[in-house]
1. Which residues, taken from the stretch 65-94, are surrounded by 12 or more Cβ atoms within 10 Å (Cβ to Cβ), more than 27 Å from the chain's Cα centre (by Cα) and outside any strand (DSSP E or B)?
2. Read through the list (1) modelled with pLDDT of 55 or more; (2) surrounded by 10 or more Cβ atoms within 10 Å (Cβ to Cβ); (3) among the aliphatic types (A, V, I, L, M), then give the number of the only condition that ALA19 fails.
3. Give me the pairs: first residue in the stretch 69-88 and under 13 Å from VAL132 (Cβ atoms), second residue among the charged types (D, E, K, R) and assigned to a helix (DSSP H, G or I), beta-carbon distance under 7 Å, and six or more apart or on different chains, which are they?
Amino acid sequence: MKKLMPFVVSGLLLFGTAACGGGGADNASAPAGGANDPAAPAKEAAQKTETAAKNTADGVKKTAANATGGVKTVIKNQLSKKIAGSKLDVSEKEGVVTVTGTVPTEADKKKIEPLIKDAKFQGVKSVKVDDVKVAK
């Protein structure tokens with residue numbers, strides 16, 4: 001029995017080592033950047049940062065595009081959604097948005113300026129609605 005115990009213990013240790021992946025050959029054949037690679041979290045973080053920076057730059061470009069030509073379209077779409085039955089045109093020059101056309105009621109005409117100002121469009125300094133008429 002005394003000769004059998006060292007054999008059993010060494011067998012268990014050998015089996016445990018192999019089962020836990022403690023063998024040198026297994027780790028050496030693992031691909032770089034795997035779960036055991038200490039640089040993997042840093043590489044992943046760098047990729048996420050790079051992606052976030054690119055997305056931010058794209059967002060800034062879109063905002064700049066909206067500030068130049070897209071503001072008129074966005075305002076016109078917003079007004080047509082908020083004021084049903086309106087037939088409005090929007091123009092913009094040097095930060096002044098001018099709205100022309102017709103609306104169903106006087107109350108709708110009074111809604112136009114606050115709707116545009118509340119949206120806080122980039123580059124819009126003032127709003128003119130004097131040329132908007134109420135449909136009869």
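1. ILE83, SER86
2. Every listed condition holds for ALA19 apart from (2).
3. That search, which allows pairs on different chains as well, returns ILE83/ASP108; ILE83/LYS111; SER86/ASP108; LEU88/LYS76.
The values are calculated or read from the model by the stated rules, or taken from the named source; none is laboratory data. Model, not experiment: these values are computed from the prediction. Neighbour counts are summed over all protein chains in view; Cβ atoms, including those assigned to glycine, are modelled from backbone coordinates with ideal geometry.
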